[in-house]
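Written out below as structure tokens is the structure these notes cover.
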Amino acid sequence: MPRNQSTAAQRARAAQRQTGAKYTAALRQATTAGVSRTVFSLRELLAECATSPEWTGDHPEVDAEWAPRMFDSTLLGGPVPHKSVLLLTGDLAAMGLSAEMTMESRDGFRTVVVACGGRRFELLLSQDDWVAELCLIPGCKSLPVAAAVIPYCERQHLAERSGTELATMAWAWGNDRRQEFESTPAVAHSGDQGNALIAAAVAQGAFAKVAAELVEGCFGDPDLIDEIYLNDAEATAVRHAIDHEHLRLKERARSAAARIRKLAGGLCICGAAPYLAPEADVPARYCSTQCASSAANSPGLR
């Protein structure tokens, strides 16, 4: 059984018994008062979904004809659509039924956010088949660039990752693309997700490393092309594709650097105008590694 049963749903039921308040109103108030950090397993959530009676209250967000079928979940702080839990179970199946989960937050009858195995998911409570993976950073409601492979949002949190983290994600994403284009390797490319990684790398001063990992992930080690692709024509086509992808990524990097500098007012913290190319591996908004180091050590200068 769960280690802690003090949930918003229980508080709402207690308030209903004591004051006569409507359950939906009591649930909203109980959820606002605080979220239980109960740790439970995927198996426990699935068992609760399978064995709990159907919730028969009035959904406060949608009309009855559109309301999803729900059960009153102790683990997730109140009524939750059956189908959403089944979809979530499918998304987490690779982690096994013993995977530990927590409810990160619940917004009445609108959404509930759960965390499991370093991943976060949002369940929409006003329909019965909507589950979305969220950015890995707690509290962020944005979608990740590429779910488990690039688990951070493009808008903010991807650009805050270190160059080493970005390079690891770049190779993993490139390898996914390589498998996708296995039958036609010469047309592989890193796509919009690769562009997002490059923009983040430029912000961190890690363009060369991230671009190299993306290209190697997509096409294999450039020094081993003849061993990887035994057909001469295919090997030649892949070499051309590698050169084209390098050029494309450089153009994306320069555009990202120009955008970052514009947002920063066009000047480095020292008053000089940043002019280095992304290949210099200096964060785009600074004119030198010295200025970048000074800003890192003095947050007020950023």
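The values are calculated or read from the model by the stated rules, or taken from the named source; none is laboratory data. Predicted model, so just to flag it, every value in this text is computed and none were measured. Positions of Cβ are backbone-derived with ideal geometry, glycine not excepted, and every protein chain shown enters the neighbour counts. These accessible areas exclude ligands, DNA and RNA; they are computed on the full protein's heavy atoms, side chains included. Shrake-Rupley method; radii C 1.70, N 1.55, O 1.52, S 1.80 Å.
Summary of values
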| item | result |
| --- | --- |
| Scaled radius of gyration (Cα, divided by 2.2 N^0.38 Å) that the range 147-286 gives | 1.10 |
| Contour excess over end-to-end distance, with Cα ends at LEU263 and THR89 and 0.36 nm allotted per residue | 58.5 nm |
| Those Cys residues of the chain for which no other cysteine Cβ falls under 4.7 Å | CYS49, CYS116, CYS218, CYS270, CYS291 |
| Convex hull (Cα only) mean projected area of the chain, reported in nm² to one decimal | 20.6 |
| Sum of -39500 (n - 2.57) over DSSP H runs of 4+, divided by residues of the chain (222 nm, nearest 500) | -14000 deg cm²/dmol |
| Size of the range 198-279 as Cα extents on the principal axes (Å, biggest first) | 54, 16, 15 |
| Surface accessible to a 1.4 Å probe, per residue, for the residues of the chain, Å² | 51 |
| Dimensionless Rg over Rh [the range 55-185; C-alpha; Kirkwood] | 1.05 |
| Additional length obtainable on full extension of the chain from ILE228 to LEU46, 0.36 nm per residue less Cα span | 61.0 nm |
| Inter-label distance for GLU61 and LYS250, nm, one decimal - labels placed 7 Å from Cα along Cα-to-Cβ | 4.9 |
| Whole-percent carbon and sulfur share, accessible surface of the chain, 1.4 Å | 52 |
| Sum of side-chain charges, LEU86 neighbourhood, beta-carbon under 13 Å (Lys, Arg +1; Asp, Glu -1) | -2 |
